[in-house]
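Have a look at the structure below before the remarks.
The values are calculated or read from the model by the stated rules, or taken from the named source; none is laboratory data. In this text, all values refer to a predicted model and were calculated from it rather than measured experimentally. Heads up, the Cβs are rebuilt from the backbone with ideal geometry, glycines too, and the neighbour counts pull from every protein chain shown.
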Amino acid sequence: MKLKSFRLRINNPKTINFYTKILGMKLKKTFEHVKGTLSILNFENQDYCLELFQEKEENSINYLQKPDDNYWKHSLFIDDIERVNTKMKEYNIPIGEPYQFGDIGYLSHTKDIEDHQIEFIQKTFKQNTVPSTQKKDYPLLENPVLGLLTIRTKDPIKSIQFYEDICGMKLHARMYVKRSNGFTLYFLGSPELTPPSLDIDALENREWMYQQNHLFIEIQHYWGSEYDDNFILNHNHQGCQLVKFEGNLLILKNKLLKKNIPFLEKENQQESKNEIHFSSVDNLKILATEYKN
């Protein structure tokens, strides 16, 4: 299987303009469904997509991200974080100042107009910043990469096994963060990628990852949450509605049957694709479609 996209629910069609006119994504396709409108966006020269779904039924409740949400944020890999921050301020978009977060990355944080969390990650650490040429055809003066979908888990072992065994991904990097009570970050991507080191804790794998034209899944695990009965992952579907993979559905079906994972087979007549719907071990909805050349 290959990770293709993830879907956010939106209330305001102006959110699409934020992603196209501010961040520089392209509106690739629009589908009209019985329940609403699905917009597919991506950055130029990247296959991975962001899906925005606006339901026909009016919903005035704004999205509010919480620490126990299964979905946390999505991240963009960029060349020059200082320049990007300057442009975001020129567009009157609130954004935090860039900072080198330990040996994790050179980061800044913002939100779209419906409060979905967005993280900018420079492709190099601050001390390794390399001057890059401005590209005036893009709103941020560069073409970002949709690099990370970040989700949370109470059981990182089961979660990683699910994405590796069922979805065909591979763990490429791990980062320990001692802030507050502490948490660990796990980064999964295509098994076809070759990081500099086979050691998932290796420092060099981090900048390497941020320099890939690739969408990774980042899994966050709060230390001790597996023993906290009061910490229950919340699925706020105004956040991430689903994650989409593409591949051989027959092989996927056999894997799901072997692992006793419930699934639903459907035919999407509008998009002329067969689909399998199932859920991760953390109850994140997964949609798989048949790979077509």
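The table that follows gives values for the structure above.
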read-out	value
Flag if residue 99 is among the aromatic types (Phe, Trp, Tyr) and touching a Ser or Thr at 6+ places or on another chain (Cβ under 9 Å)	yes
Check on residue 203, out of contact with any Ser or Thr (no Cβ under 6 Å at 6 or more places or on another chain) and under 30 Å from residue 34 (Cβ atoms)	no
Residues located in segment 46-65, provided they are more than 19 Å from residue 268 (Cα to Cα) and modelled with pLDDT under 95	47, 56, 57, 58, 59, 60, 61, 62, 63, 64, 65
Segment 232-264: number of residues that are loosely packed, with under 11 Cβ neighbours inside 10 Å, part of a strand (DSSP E or B) and charged (D, E, K, R)	0
Unmet criterion (only one of (1) at pLDDT below 95; (2) assigned to a loop (DSSP other than H, G, I, E, B); (3) touching a Phe, Trp or Tyr at 6+ places or on another chain (Cβ under 9 Å)) for residue 229	(3)
Test: residue 171 is modelled with pLDDT of 95 or more, within 30 Å of residue 261 (Cβ to Cβ) and in contact with a His (Cβ under 6 Å, 6 or more places away or on another chain)	no
Residue in segment 68-92 that is farthest from residue 9 (Cα to Cα), counting only those that are surrounded by fewer than 19 Cβ atoms within 10 Å (Cβ to Cβ) and either of a type in the set (Asp, Glu) or without any contact (Cβ under 8 Å) to a residue 24 or more places away in the chain (or both)	82
